[in-house]
Amino acid sequence: MASEPLSAASDRDIHDAHIYDRLVEDEQDVEGLLAYALYKKSERTWLRDFRQRHGRAPVDPELDEFIHTYDSDDLGRLRSDAEQRPLRYANEFVDMQTPEIERASVNAAIGANFEHLDTAHSVRHCALMITCLAYGRSGGDE
């Protein structure tokens, strides 16, 4: 009897590995790893709901039934969702940051214009000083 749970766990591991292999191309496949995480999240939700409905954990044939409900289309949807999630997150982040980015851009543009005005004012001031000094040296004879 003690060997049945171990055997069933091994069968589940085999099914789990099969799902993993179908979703994840290699260890660098971030979208595949995220798709697998979405699959595991779905499995956990199913287990929680099953326990709430039946007041017990599922037996192996019931768990196998859940695992076998994932066909190629379902796995494709998981993969597609995994590919889109980072883009949605990035877009949401940019949308949240846009007002601050715009404010910083305007402040930088205004600051650059003031620096330009200060520089232009300083140049005119220096030119005027040079003219005055030159006029003073010449005694105003020009």
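The values are calculated or read from the model by the stated rules, or taken from the named source; none is laboratory data. All values derive from a computational prediction rather than experimental measurement. As a convention, Cβ positions derive from the backbone with ideal geometry for all residues, glycine included, and neighbour counts pool all protein chains shown.
Of note:
- Output for region 48-62, where each listed residue is at pLDDT 85 or above and either part of a helix (DSSP H, G or I) or surrounded by 12 or more Cβ atoms within 10 Å (Cβ to Cβ) (or both): 48, 49, 50, 51, 52, 53, 54, 58, 61, 62
- The one condition in (1) in contact (Cβ under 8 Å) with a residue 40 or more places away in the chain; (2) exposed (fewer than 10 other Cβ atoms within 10 Å of the Cβ) that residue 67 fails to fulfil: (2)
- Test set (1) at pLDDT 85 or above; (2) not in a helix (DSSP H, G or I) - residue 1 fails condition number: (1)
- Annotation: of all residues in region 10-47 being surrounded by fewer than 17 Cβ atoms within 10 Å (Cβ to Cβ) and among the basic types (Lys, Arg), the one that is farthest from residue 88 (Cα to Cα) is 12.
- Residue count for region 36-80, restricted to those that are among the charged types (D, E, K, R) and closer than 15 Å to residue 22 by Cβ: 7
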